[in-house]
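Below is one structure, written out as structure tokens; comments come after it.
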Amino acid sequence: EEQEEDVLRELRLFLRNITERLSLDRRFKAFTKPVDIEEVPDYLMVIKKPMDLSTLLTNIDEHKYITIGEFMADADLIWKNALEYNPDSDPMDRNIRHRACALKDTVRAIIRDELDEDFERVCEEIRESR
Ligand SMILES: Cc1noc(C)c1-c1cc(NS(=O)(=O)c2ccccc2)cc(C(=O)O)c1
């Protein structure tokens, strides 16, 4: 009902705010757009579920996420994919993995500091009711 839509609207505002702040952070520039398949031709042979910050924003606008947990699962794909595709010890791989770990820690720190547990519980109850 209307109250539920008010809650989900507030969730989308919160998720857009997080995603936009991450996109503005220069450390995360490589994560702002899908990996360019022309530049990285074997990427889709290795990574089955690509994800990036611009796709997160599109998903939010398409009302894909009803809970923080659903958003986190896609946000985690961004750094997990980077660790999986760039496993080697050479400086380039190490550097993208360092940025991927910084993205993981930054998302978690924002959620821990800014998400109200009661609000997340209401979102989970809406998810269970649908
Ligand atoms: C993410 C990701 N996962 O695997 C890799 C590899 C990256 C990644 C993707 C990009 N952006 S891009 O796919 O458009 C591109 C790749 C190669 C040359 C020019 C552009 C940049 C970087 C970077 O380190 O700057 C890394």
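Read-outs: derived from the displayed coordinates by stated rules, not from any lab. All values derive from a computational prediction rather than experimental measurement. For neighbour counting, all protein chains shown are included, and Cβ atoms are generated from backbone atoms with ideal geometry for every residue, glycine included.
I want to confirm something. Restricting to the range 91-105 and keeping residues that are farther than 15 Å from residue 33 by Cβ and within 12 Å of the ligand (Cβ to nearest atom), which single residue is surrounded by the most Cβ atoms within 10 Å (Cβ to Cβ)?
We begin by selecting, within the range 91-105, every residue farther than 15 Å from residue 33 by Cβ; these are 91-95, 97-98, 100-102, 104-105.
From what is left, the residues that are within 12 Å of the ligand (Cβ to nearest atom) are 91-95, 97-98, 100.
Numbers: 91: 8, 92: 9, 93: 15, 94: 12, 95: 12, 97: 18, 98: 12, 100: 22.
In this case the residue turns out to be 100.
Close contacts from the range 1-30, counting a first residue that is assigned to a helix (DSSP H, G or I) and a second that is surrounded by fewer than 15 Cβ atoms within 10 Å (Cβ to Cβ), with Cβ to Cβ under 7 Å and a gap of 6+ residues or different chains, come to 27/102. The single condition among (1) away from the ligand (no atom under 16 Å from the Cβ); (2) in contact with a Phe, Trp or Tyr (Cβ under 8 Å, 6 or more places away or on another chain) that residue 120 does not meet is (2). The one condition from (1) free of Cβ contacts under 8 Å to residues at least 12 places away in the same chain; (2) within 16 Å of the ligand (Cβ to nearest atom); (3) assigned to a helix (DSSP H, G or I) that residue 87 does not meet is (3). Answer yes or no: is there a residue in the range 72-83 that is touching a residue at least 12 places away in the same chain (Cβ under 8 Å), in a loop (DSSP other than H, G, I, E, B) and under 30 Å from residue 130 (Cα atoms). No, there is no match, as no residue in the range 72-83 is touching a residue at least 12 places away in the same chain (Cβ under 8 Å), in a loop (DSSP other than H, G, I, E, B) and under 30 Å from residue 130 (Cα atoms).
Filtering the range 49-70 to residues that are more than 10 Å from the ligand (Cβ to nearest atom) and either in contact (Cβ under 8 Å) with a residue 60 or more places away in the chain or charged (D, E, K, R) (or both) leaves 49, 61, 62, 64, 66, 67, 70. Considering the range 29-42, and only residues there that are more than 19 Å from the chain's Cα centre (by Cα) and surrounded by 11 or more Cβ atoms within 10 Å (Cβ to Cβ), the residue that is nearest to the ligand (Cβ to nearest atom) turns out to be 40. Flag: residue 37 does not match the condition of being part of a helix (DSSP H, G or I) and hydrophobic (A, V, I, L, M, F, W, C). Scanning the range 44-64 finds no residues that are more than 10 Å from the chain's Cα centre (by Cα), surrounded by 15 or more Cβ atoms within 10 Å (Cβ to Cβ) and among the hydroxyl-bearing types (Ser, Thr, Tyr).
Within the range 90-120, the set of residues being of a type outside the set (D, E, K, R) and part of a loop (DSSP other than H, G, I, E, B) comprises 115 only. With respect to the conditions (1) in contact with a Phe, Trp or Tyr (Cβ under 7 Å, 6 or more places away or on another chain); (2) within 16 Å of the ligand (Cβ to nearest atom), residue 15 lacks only one, and its number is (2).
Considering only residues in the range 71-82 that are of a type in the set (A, V, I, L, M) and more than 9 Å from the ligand (Cβ to nearest atom), the one that is surrounded by the fewest Cβ atoms within 10 Å (Cβ to Cβ) turns out to be 73.
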